[in-house]
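**Q** Below: one structure in structure tokens.
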Amino acid sequence: MKVNCCVVIPCYNTEKTIGTLIEKIRKVAGEIPIFVIDDGSTDDSGKIAKKFDGVSVIFNRINKGKGFSLRKGLMLAQKARYDYALVIDSDLQHPPEYLPDFILEMEKGFELIIGKRDISPKRMPLHRVLSNTITSFLISLRTGRRIHDSQCGFRAYKLGRFKNRLYKENGFQFETEYLLRNLGRKNFTICEVPIPTLYFRDISSKISIIGDTLKFIMLFFRSYLWV
């Protein structure tokens, strides 16, 4: 592998899927280093991840939020001197088989590589289609850069200029905050990688439709106050 990268997996109560995810990553990306951030799980998610070689598991004592765990993972990867951190959710909605496609784009030097799913009622629950379409439109309007799937958490972050102190969001909004703070930079490079849209009825989403939508709206308007 030409790119110096690792995988960061934030997880919360996903003991049913975390082991399968790591096995799939190993099949397509060999012994790539993996950081699992267990966000105060009440099940055996972290314990299962610890059984795998080459996997470092960091436990949050209490549930702090996906954004908090992501930021912690990115800082750990940066401290370990990786050039990129590949972030993938632990619920198997992001197919690890597409990791090589992200790695190919890393070799081109993009600062952010983000998954692009088919956002349609045939593939996604209707409320997720609406929220993703609206947030992606608003972010694109705000930054002047077209983003098709702003809520996709399957991403690769270039770590060289990542400054954790700039970010305040500890929940799902961190991924939006990252886009809002960086897309406006003229020299910020981004590309999108098409990935399948996967949703499983027996796996419940951790996103609160009303609560997280309100948090997005507040974040969006606050962004106009940023210097």
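**Q** Any residue in the range 104-119 that is more than 20 Å from S150 (Cβ to Cβ), of a type in the set (A, V, I, L, M, F, W, C) and either at pLDDT below 95 or touching a helix residue (DSSP H, G or I) at 6+ places or on another chain (Cβ under 9 Å) (or both)?
**A** no
**Q** Answer yes or no: is there a residue in the range 153-163 that is of a type in the set (S, T, Y) and without any contact (Cβ under 8 Å) to a residue 60 or more places away in the chain. Explain how you work it out, then say what you get.
**A** Kept after step one, since they are of a type in the set (S, T, Y), are these residues of the range 153-163: 157.
Keeping just the survivors that are without any contact (Cβ under 8 Å) to a residue 60 or more places away in the chain gives none.
Scanning the range 153-163, I find no residue that is of a type in the set (S, T, Y) and without any contact (Cβ under 8 Å) to a residue 60 or more places away in the chain, so the answer is no.
**Q** Given (1) touching a residue at least 60 places away in the same chain (Cβ under 8 Å); (2) crowded, with 20+ Cβ neighbours inside 10 Å, where does V28 come up short, assuming only one miss?
**A** Condition (2) is where V28 drops out.
**Q** In the range 158-174, which residues are out of contact with any Gly (no Cβ under 7 Å at 6 or more places or on another chain), surrounded by 18 or more Cβ atoms within 10 Å (Cβ to Cβ) and not aromatic (F, W, Y)?
**A** K158, L159
**Q** Looking only at the range 88-105, which residues are crowded, with 23+ Cβ neighbours inside 10 Å and touching a Phe, Trp or Tyr at 6+ places or on another chain (Cβ under 7 Å)?
**A** Result: I88, H94.
**Q** Just need a number here: residues in the range 203-217 that are within 17 Å of K66 (Cβ to Cβ) and either at pLDDT 70 or above or hydroxyl-bearing (S, T, Y) (or both).
**A** Of all residues in the range 203-217, those within 17 Å of K66 (Cβ to Cβ) come to 203-209, 211-216.
In the following step, the residues that additionally are either at pLDDT 70 or above or hydroxyl-bearing (S, T, Y) (or both) were identified as 204-205, 208, 211-216.
Within the range 203-217, residues that are within 17 Å of K66 (Cβ to Cβ) and either at pLDDT 70 or above or hydroxyl-bearing (S, T, Y) (or both) number 9.
**Q** Out of K66, K16, K27, report the one residue that is farther than 21 Å from E97 by Cβ and of a type in the set (D, E, K, R).
**A** Answer to the check: K66.
**Q** To continue, here is another question. If I filter the range 86-109 for residues that are within 23 Å of G171 (Cα to Cα), hydrophobic (A, V, I, L, M, F, W, C) and not in a loop (DSSP other than H, G, I, E, B), do I get at least one hit?
**A** yes
**Q** Tell me whether the range 45-54 contains one or more residues that are closer than 24 Å to K168 by Cβ and either surrounded by fewer than 17 Cβ atoms within 10 Å (Cβ to Cβ) or in contact with a Lys or Arg (Cβ under 7 Å, 6 or more places away or on another chain) (or both). Steps first, please.
**A** Quick first cut of the range 45-54, residues closer than 24 Å to K168 by Cβ only: none.
No, the range 45-54 contains no residue that is closer than 24 Å to K168 by Cβ and either surrounded by fewer than 17 Cβ atoms within 10 Å (Cβ to Cβ) or in contact with a Lys or Arg (Cβ under 7 Å, 6 or more places away or on another chain) (or both).
**Q** When you scan the range 17-39, how many residues do you find that are farther than 18 Å from F154 by Cβ and out of contact with any helix residue (DSSP H, G or I) (no Cβ under 9 Å at 6 or more places or on another chain)?
**A** Total satisfying the criteria: 2.
**Q** Looking only at the range 8-51, which residues are in contact with a Pro (Cβ under 7 Å, 6 or more places away or on another chain) and not acidic (D, E)? Please lay out each step first, then the result.
**A** Pass one, the range 8-51, residues in contact with a Pro (Cβ under 7 Å, 6 or more places away or on another chain): 21, 24-25, 28, 37, 39.
Across the range 8-51, the qualifying residues are L21, K24, I25, V28, I37.
**Q** While we're here: When the residues of the range 165-196 are filtered to those that are assigned to a loop (DSSP other than H, G, I, E, B) and basic (K, R), which remaining residue is modelled with the highest pLDDT?
**A** K168
**Q** Among (1) touching a Cys at 6+ places or on another chain (Cβ under 8 Å); (2) touching a residue at least 40 places away in the same chain (Cβ under 8 Å), where does V87 come up short?
**A** V87 satisfies all of (1) touching a Cys at 6+ places or on another chain (Cβ under 8 Å); (2) touching a residue at least 40 places away in the same chain (Cβ under 8 Å) except (1).
**Q** Scan (1) of a type in the set (A, V, I, L, M); (2) in contact with a Ser or Thr (Cβ under 7 Å, 6 or more places away or on another chain); (3) modelled with pLDDT of 95 or more for the single condition L159 breaks and write down its number.
**A** If we test L159 against (1) of a type in the set (A, V, I, L, M); (2) in contact with a Ser or Thr (Cβ under 7 Å, 6 or more places away or on another chain); (3) modelled with pLDDT of 95 or more, just (2) comes out false.
The values are calculated or read from the model by the stated rules, or taken from the named source; none is laboratory data. Here the structure is a predicted model, which means the values were calculated and not measured. Heads up, the Cβs are rebuilt from the backbone with ideal geometry, glycines too, and the neighbour counts pull from every protein chain shown.
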